[in-house]
There are 2 protein chains.
Amino acid sequence: MERILNSETTKKIGQEVTIKGWINARRNMGKIVFLDMRDRSGIVQVVLVPLELDEASQAIVGELRPEYVLEIRGIVNERGEKQKNLEQITGTVEVLAKEVKILAAAETLPYDLDAELNMDAYLDNMPFNLRANKQRAIFKIQTALIQGFRKHLEANDFTEFQCPKIVAGATEGGANVFTVDYFGKKAFLAQSPQFYKQTMVGIYERVFTTGNVYRAEEHDTNRHINEYTSLDFEMGYINDYKDVMDMVYATLQTMVANVKETCPEEIKLLDVKLPEFINPVPQMKLKEAQKILEDEYNEKGCINEPDLEPHQERQICEYAKKKWDSDFLVVTHYPVSKRPMYTYEDPADPGFTGSFDVLFRGTEIITGGQRIHEYDKLVNNMIKFGLKPEGYAYYLQAFKYGMPPEGGIAIGLERMTWQLLGLDNIKKATLFPRDRTRIDETLNKA
Amino acid sequence: MERILNSETTKKIGQEVTIKGWINARRNMGKIVFLDMRDRSGIVQVVLVPLELDEASQAIVGELRPEYVLEIRGIVNERGEKQKNLEQITGTVEVLAKEVKILAAAETLPYDLDAELNMDAYLDNMPFNLRANKQRAIFKIQTALIQGFRKHLEANDFTEFQCPKIVAGATEGGANVFTVDYFGKKAFLAQSPQFYKQTMVGIYERVFTTGNVYRAEEHDTNRHINEYTSLDFEMGYINDYKDVMDMVYATLQTMVANVKETCPEEIKLLDVKLPEFINPVPQMKLKEAQKILEDEYNEKGCINEPDLEPHQERQICEYAKKKWDSDFLVVTHYPVSKRPMYTYEDPADPGFTGSFDVLFRGTEIITGGQRIHEYDKLVNNMIKFGLKPEGYAYYLQAFKYGMPPEGGIAIGLERMTWQLLGLDNIKKATLFPRDRTRIDETLNKA
């Protein structure tokens, strides 16, 4: 008989069905055994009564443990009103089993799937720990975010493209880059798709790409991972950085709306408070933010710093929350010296760039801005930054043959997930996190 | 005035509009200059008549060359019936310019964008060459393929996930793997997401992931690249490999349908012959294919070979085309020794696996099959293959705690694009191809 999903059992009352899934929990009530069976659609309760089962099935009931994979043939029955209220999780129907087959056995679990673990124990056992409801929910929401990103951009005429990650040079400055042995020559893992997405503006005008990027950062904090998912777009024919800012803020709204629409159960389970979007998004220049930090948060001397410290990001977000009730704040006009060489200087504010960070609930999740699109200006800026334009000849082709005014952004997917869900560590928002000492398992100390 | 797209000019006849774009072509007719202006929506003709232009605009007309980026204000006029027939490419309306501003200059093009180049010249100048209509069309179609892949799987309850690419060991056997310096320790670039997607079956039952994978293959043929896009899915609770085969064949149909729906212009431009799908898909065992090759193609002695040679793939596809008029052929039951250690042996055909290749118009574009899901069997198979199970402890967790019968596939996106479009080299179907001697530019010989 063809398998049906657990969620379909409610439409089959009184009928014989076949379901397949994992044992989520087992409860013994005298000779009767109750199994919560889990599949991709949810959970259904199965009742094992000795007299109803065939002989072979009776013989294996004793063996059945959580995470065993079963095929069960049985009759769908409606549950009593009283029972329905008691056992909300497993629904309004149950399956009275006639036959039980083991598709795969499972070892005894080392601990309860919902146990609170320290970070190392959590990471050491990811392939198992990811089966917990909480983790399953986190990464469902992450998927809704990336799918919302694509959805918004496709609807706005952006063309997706696939970007290489083995590169010949560092894009975002020389530090923090992993080296690859490329047929005996030295290559690198891309820190971002920056050069390629700018190039692609010359082809399709509006482009996006999603994929892995790499930062060989030595420090191990709760907000850094060494390989992460970057959601990037780049758009041509902008007037200035504000067009980019508006597009990314609208994109965020579609991403969050997609979570709301596709993950109602997960939102409930994780008690997620989705952000409201204030329009237009609150924004201020870095200098203005620093003035507020000095005046209201006693952060003396921060005004000439080129960036905000992590605790200052939290403070200025707190300020934005109080003042505008906004979970988002855009900080603009970082100094030229602090941003990469391709960043556009705002002609109205010399020394400062038409670039921005989007802060979300206390941390930066997005960097973006206008880029230099004029060939001569870009070459001169490379020289100013102490770089050799000859080393960028390939990239510079994109500008030599006519590049419109353009800009773009990069969203850290794991970082956004982490902040949206209020997790204590970004590694909890990363499926298989790599850090300084770990690729799946702890790296050999040798 | 707010910019409109070229495609919107047809709705603005008699009105003043602002358009922005690249000069695709310039034609002089005495004192009148015609520009074909290109933007992401297509091409529109602009007419520059000295008397209609303001003084500043008149002064720059002489300078304008292909790939200059312009902002043009002008009046939309309908073109005469005769003209419409003559100049189909640039549409039914034209813009009589009032004002022309240069947003960015372009150097004189080194050659015509549609020029036929040798492979090195083509690759050396990709950022420029990609602007040609032909290349723009190729990668639009590639995007439609990947988006069709996602669309089909989302509709079939698959959950997308993000997969790391820095790994601690080789997944698909030890050869052909790039090494990464990971904080002074040796790591590798993933050859596939195999272990992770299998693990994720334990979490979501049906999963897919798309992303870059790496093969450090030394040989430089027209069908190999060293970094490519792998479209992967994996599904649990299958009966056998045929469930996987049916799912991938249905996925291919959605991918091709998505190309048909979203790329009509590109299909015309590249003269693409989209495949028809014969249902069910023709399939045969490797042994059967070899028998046909011996009998009908004089390929003596191929019957005990573990795989088909490239020319044999072409021959057997030719056979399938003649016999069933099918562009696809599924070849199943490769020997256990030829497939990776996780491949499932068909109990009905000992020594041969429940695995398959999908051949498309003469070349393999997909590999898939059922995997070993029982923990003990998998451990034993590792030992049989001369591998140490201790080295796979992390991966093995997924099987220790109950894995349903499962299988999956990987599609090479560039290879599928290449075959679909009938290109002479897979590098033409790869945005920024890496090969033994090239990462964008030719690698320094030093």
Positions within the stretch A:237-253 being part of a helix (DSSP H, G or I) and surrounded by fewer than 19 Cβ atoms within 10 Å (Cβ to Cβ), in sequence order: A:Lys242, A:Asp243, A:Asp246, A:Ala250, A:Gln253
Total residues in the stretch A:46-58, condition in a helix (DSSP H, G or I) and open to solvent by less than 40 Å² (accessible area, probe 1.4 Å): 1
Pick from the stretch A:107-131, criterion open to solvent by 60 Å² or more (accessible area, probe 1.4 Å) and more than 11 Å from every other protein chain (Cβ to nearest Cβ), ranking: nearest to B:Glu227 (Cα to Cα): A:Asp120
When residues of the stretch A:374-387 are limited to those that are of a type outside the set (Phe, Trp, Tyr) and without any contact (Cβ under 8 Å) to a residue 40 or more places away in the chain, the one surrounded by the most Cβ atoms within 10 Å (Cβ to Cβ): A:Leu378
Residues located in the stretch B:1-54, provided they are free of Cβ contacts under 8 Å to residues at least 12 places away in the same chain and either at negative phi or within 14 Å of chain A (Cβ to nearest Cβ) (or both): B:Lys11, B:Arg27, B:Asn28, B:Met29, B:Leu51
Filter pass, B:Leu329 being in a loop (DSSP other than H, G, I, E, B) and either within 24 Å of B:Lys242 (Cα to Cα) or among the small types (Gly, Ala, Ser) (or both): no
Inter-residue pairs, beta-carbon under 9 Å, first at the interface with chain A (Cβ under 8 Å from one of its Cβ atoms) and surrounded by fewer than 19 Cβ atoms within 10 Å (Cβ to Cβ) and in the stretch B:426-446, second among the charged types (D, E, K, R) and not in a loop (DSSP other than H, G, I, E, B), 6+ apart: B:Glu441/B:Asp124; B:Asn444/A:Lys185
Residue satisfying all of: in the stretch A:210-228; farther than 27 Å from B:Arg215 by Cα and not acidic (Asp, Glu); most open to solvent (accessible area, probe 1.4 Å) among these: A:His219
Matching option when the condition is away from chain A (no Cβ under 14 Å) and touching an Asp or Glu at 6+ places or on another chain (Cβ under 8 Å), among B:Pro404, B:Pro340: B:Pro340
Odd one out for B:Leu231, checked against (1) surrounded by fewer than 23 Cβ atoms within 10 Å (Cβ to Cβ); (2) within 13 Å of chain A (Cβ to nearest Cβ); (3) over 28 Å from A:Ala106 (Cα atoms): (1)
Residue list for the stretch A:89-106, filter: of a type in the set (Gly, Ala, Ser) and either within 12 Å of another protein chain (Cβ to nearest Cβ) or within 27 Å of A:Thr221 (Cβ to Cβ) (or both): A:Ala104, A:Ala105, A:Ala106
Residue under evaluation A:Phe183, criteria (1) open to solvent by less than 10 Å² (accessible area, probe 1.4 Å); (2) facing chain B (nearest Cβ under 8 Å); (3) free of Cβ contacts under 8 Å to residues at least 40 places away in the same chain, criterion not met: (1)
Top-ranked residue of the stretch A:186-209 - restricted to ones that are more than 8 Å from chain B (Cβ to nearest Cβ) and in a strand (DSSP E or B), ranked as surrounded by the fewest Cβ atoms within 10 Å (Cβ to Cβ): A:Lys186
Qualifying residue in the stretch B:341-360 (condition: more than 29 Å from A:Val69 (Cα to Cα) and open to solvent by 10 Å² or more (accessible area, probe 1.4 Å)): no
Residues satisfying the stated conditions in the stretch A:1-18, i.e. more than 32 Å from the chain's Cα centre (by Cα) and either within 26 Å of B:Glu406 (Cα to Cα) or in a helix (DSSP H, G or I) (or both): A:Met1, A:Glu2, A:Arg3, A:Thr9, A:Thr10, A:Lys11, A:Glu16, A:Val17, A:Thr18
Scope the stretch B:132-167; condition open to solvent by 10 Å² or more (accessible area, probe 1.4 Å) and more than 10 Å from chain A (Cβ to nearest Cβ); matching residues: B:Asn133, B:Lys134, B:Lys151, B:His152, B:Ala155, B:Asn156
Out of B:Glu390, B:Glu414, sole residue that is under 30 Å from A:Leu396 (Cβ atoms), within 13 Å of chain A (Cβ to nearest Cβ) and not in a loop (DSSP other than H, G, I, E, B): B:Glu414
Subset tally (residues that are under 35 Å from the mean Cα position of the chain (by Cα) and in a strand (DSSP E or B)) for the stretch B:30-45: 9
Residue tally, condition open to solvent by 10 Å² or more (accessible area, probe 1.4 Å) and either among the basic types (Lys, Arg) or in a strand (DSSP E or B) (or both), over the stretch B:168-180: 1
Check on B:Val61, open to solvent by less than 70 Å² (accessible area, probe 1.4 Å), of a type in the set (A, V, I, L, M) and farther than 25 Å from B:Cys263 by Cα: yes
Positions within the stretch B:64-92 being crowded, with 17+ Cβ neighbours inside 10 Å, modelled with pLDDT of 95 or more and under 40 Å from the mean Cα position of the chain (by Cα), in sequence order: B:Leu64, B:Pro66, B:Glu67, B:Tyr68, B:Val69, B:Leu70, B:Glu71, B:Ile72, B:Arg73, B:Gly74, B:Val76
Yes/no for B:Asn24 being outside the structural domain of B:Leu130 (by TED's automatic domain parsing), more than 28 Å from A:Phe158 (Cα to Cα) and polar (S, T, N, Q): no
Contacts under 6 angstrom Cβ, first residue in the stretch A:97-122 being over 26 Å from A:Val47 (Cα atoms), partner part of a helix (DSSP H, G or I), 6 or more apart: A:Tyr122/A:Asn129
Filter pass, A:Met382 being within 14 Å of another protein chain (Cβ to nearest Cβ) and of a type in the set (A, V, I, L, M): no
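The values are calculated or read from the model by the stated rules, or taken from the named source; none is laboratory data. Every value quoted in this text rests on a predicted model; they were computed, and no experiment measured them. As a convention, Cβ positions derive from the backbone with ideal geometry for all residues, glycine included, and neighbour counts pool all protein chains shown. SASA here: full protein model, heavy atoms, side chains in, ligands and nucleic acids out. Shrake-Rupley method; radii C 1.70, N 1.55, O 1.52, S 1.80 Å.
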